[in-house]
Amino acid sequence: MKIHFIQHVAFEYPGSLIDWTAEHNHTISFTKIFESIAFPALTGFDMLVIMGGPMGVYEEEKYDWLKKEKPFIKSAIDAKKKVLGICLGAQFIADVLGAKVYPHTLKEIGWWPVEKVNNHPLVQHLPQQFTTFHWHGDTFTLPEGAIHLFKSKGCEQQGFIYNNHVAGLQFHMEVKPDLLNGMTEHERRSLIPEGFVQSEQDIVAGIEKHIPFQKEFMTGFVETFARL
């Protein structure tokens, strides 16, 4: 497959998804928003993967490039490409599908469990409940026609599938130690422990316990998604 990644900030790269593409000899390309706002022709890729970032999809006055990225994502969806969004990427997809994206009353940062709410074929390989990594303060309403897949105690909308070729995940199964450390280093000011925000010490302590399972979860998800 030809897989194109949209990366919004240098410290949130695709993590274990890069390993997966290498292991399966997929061809990859990038739009790195922090370097150049240039998107490929729709004929140039089979799957679009939209990564995370600290900005909000509603901050168009602050980030003018949002006005270019949203139509590109919509065009990829309309062209029936596989489109996967992670965290901010999921919020982009929700937005272009007509859902509401807005600041949540709670932030969710750290290692927290999510629960399946639907046994769609896309998630049958995953446990009914599993711990994964979160770093978000925004949430969204479920897009019309989408199937709700995951929830957590801190956030009802944790993932969805739309027409079997578009998926959004609010959490970070792609996380690796260096990716997690980069997010922590650049967004440390958000780590004020309360509610569903863990301390940096607790986040780091969870690396050895939880990281080994994340690649298995992410790889199973994206391989199943590619076959749908």
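One Cα centroid belongs to the stretch 166-228, the other to the stretch 32-82; the line between them spans 22 Å. In a DSSP loop and with at most 13 other Cβ atoms within 10 Å, the trypsin sites (Lys or Arg not before Pro) in the stretch 4-90 are Lys62, Lys80. Dividing the helix sum by the residues of the chain, where each DSSP H run of 4 or more adds -39500 (n - 2.57), gives a mean residue ellipticity at 222 nm of -9500 deg cm²/dmol.
Using the Cβ-Cβ distance between Phe213 and Asp19 with R0 set to 22 Å, the FRET efficiency from 1/(1 + (r/R0)^6) comes to roughly 0.90. Taking square-rooted eigenvalues a ≥ b ≥ c of the alpha carbon gyration tensor, is the stretch 93-228 rounded, prolate or oblate, where a/c under 1.5 means rounded and, failing that, a/b exceeding b/c means prolate? Since a/c reaches 1.5 but b/c is at least a/b, the shape of the stretch 93-228 is classed as oblate.
For the chain, the normalised intensity computed at q = 0.14, 0.16 Å⁻¹ comes to -0.83, -1.13 (log10 of I(q)/I(0), Debye sum over alpha carbons, equal scatterers, no solvent).
Potential lengthening of the chain between Gln201 and Lys80 amounts to 39.3 nm, from the contour at 0.36 nm per residue minus the alpha-carbon distance. Just to verify a number: FRET efficiency for Glu59 and Lys2, C-beta to C-beta distance, R0 = 22 Å, to 0.05? Here the calculated transfer efficiency is 0.15.
Using only side-chain charges placed at the Cβ, +1 for Lys and Arg and -1 for Asp and Glu, the dipole size of the stretch 122-198 relative to its Cα centre rounds to 140 debye. When the Cα positions of Gly159, Met173, Phe133 are compared along the charge dipole of the chain, Gly159 comes out farthest toward the positive end, with charges on each C-beta of Lys, Arg, Asp and Glu. Going by neighbour counts of Cβ atoms within 10 Å, the residues Ile192, Ile207, Ile3 line up, fewest first, as Ile192, Ile207, Ile3. The GluC sites (Glu not before Pro) found in the stretch 58-89 that occupy coil by DSSP, while having at most 14 further C-beta atoms within 10 Å, are Glu59, Glu60, Glu61. Extension gain, Lys70 to His186, is 39.3 nm, computed as 0.36 nm per intervening residue step minus the present C-alpha separation. The trypsin sites (Lys or Arg not before Pro) found in the stretch 146-195 that occupy coil by DSSP, while having at most 13 further C-beta atoms within 10 Å, are Lys153.
A short reminder: the numbers here are calculations on the coordinates, not readings from a lab. Keep in mind it's a predicted model, so treat the numbers as computed, not measured. So basically every Cβ, Gly included, is an ideal-geometry build from the backbone, and we count neighbours across all protein chains shown.
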